[in-house]
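Right, one structure below, let's go through it.
FYI, it's all coordinate maths here, none of it is from the lab. Since the structure is predicted, the reported quantities are computational estimates derived from the model, not experimental observations. So basically every Cβ, Gly included, is an ideal-geometry build from the backbone, and we count neighbours across all protein chains shown.
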Amino acid sequence: MNHLVSTSTQIRRVTLPRWEVDYADPTHAHTDLARLRDRKVLQLDHALPGELGSEVVLDLRVSGVTSEVTLLFRIIQRHAAITIFELWARRASDPLLLAAFVEAVRAHGPTPGAGAAPAPPSPELTRLLATCRRALSRNPFQAVGIHWTAGEAAADDGVAKTRADLEELRASRGLSPEIHALVTQALTDLPRAAQVLSSLEGRRNARATFVPTDQLQHARELVETKLDVARMRGDATGLIDAQHELNELRVSRQR
């Protein structure tokens, strides 16, 4: 059972126990997600596999909404064609991310008094949610918006830019309490990523944690090729740059 469809949702299995839940209708999605935000319970009109009490990760997405949210649940009830989940927040930021996502979905739904005409989503809200979602990532490279091969200088730039973006967003007028709390949490978490990325050892350990071994090996092989080419050409600057890159990508500990 890899793909389930109802009138309101499509559900695809990514890996057990992880599923993508796509809502076709923002209005129906907002009803479900607001209930989830307020009561910590989500009902899907599908019988998903899993024992009662087992953990399930759901990637919640809504048609037309550029942001999404990934949350951990426990199965608490199952009937013939219904599965009921209880939200099991892993991080303090999870309820904040959910509340912000509900607000983004509401912005895409029908405007009150305007029939089915959708309210145009705020570009600022979309940008804010994307920035916060990234900044709250456990992967420090993702959190500051840099590639995982980046060294100290790029890491410093990424941290500074992310902090500036979040401070700018927090100063925006008309933020809801939920959105303001989300930005504040992102700013609170940013020093953790900055600390990890501030040292060579920290960056190496982060790569060992978040980057697949084959990708790391491929990146090292590419840099070794650059090193050989620089040697053949007598390119002293290229040689030094490649040596720095290779040193950056060395493994500091066993995975």
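Summary of values
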| item | result |
| --- | --- |
| Base-10 log of normalised Debye intensity for the range 76-228 (one unit scatterer per alpha-carbon) at q = 0.15 Å⁻¹ | -0.89 |
| Value of Rg to Rh for the chain (Rh from inverse mean 1/r over Cα pairs, i.e. Kirkwood) | 1.06 |
| Burial ordering of Phe73, Phe210, fewest other beta-carbon atoms within 10 Å first | Phe210, Phe73 |
| Full-extension gain in nm, Ala89 to Val14, via 0.36 nm per residue minus C-alpha separation | 25.0 nm |
| Counted charge near Leu125, where neighbours are those whose Cβ lies closer than 13 Å (Asp, Glu -1; Lys, Arg +1) | +1 |
| In sequence order, calculated HN-Hα J values of the range 216-225 (Karplus, 6.51, -1.76, 1.60; Hz; x Gly/Pro) | 4, 4, 4, 5, 5, 5, 5, 5, 4, 5 |
| CD proxy at 222 nm, helix term only [per DSSP H run n ≥ 4: -39500 (n - 2.57); per residue of the chain; nearest 500] | -17000 deg cm²/dmol |
| Rh (Kirkwood; distinct C-alpha pairs) - the range 1-81, Å | 13.0 Å |
| Extension gain from His79 to Arg134, taking 0.36 nm per residue of separation minus the Cα-Cα distance | 16.2 nm |
| The range 149-207 and the range 61-101: distance between their alpha carbon centers, rounded to Å | 25 Å |
| Total formal charge among the other residues, if their Cβ is under 12 angstrom from that of Ile84, Lys/Arg +1 and Asp/Glu -1 | +2 |
| P(r) tail fraction, the range 123-205 - alpha-carbon pairs more than 19 Å apart, % | 33 percent |
| Under 13 Å, Cβ to Cβ, from Gln243 - net charge with Lys/Arg +1 and Asp/Glu -1 | -2 |
| Among Gly50, Val14, Ser63 the positive-end extreme of the charge dipole of the range 3-92 (Cβ point charges) | Gly50 |
| Dipole-positive endmost among Pro191, Ile76, Thr213 within the chain (Cβ charges, Cα centre) | Ile76 |
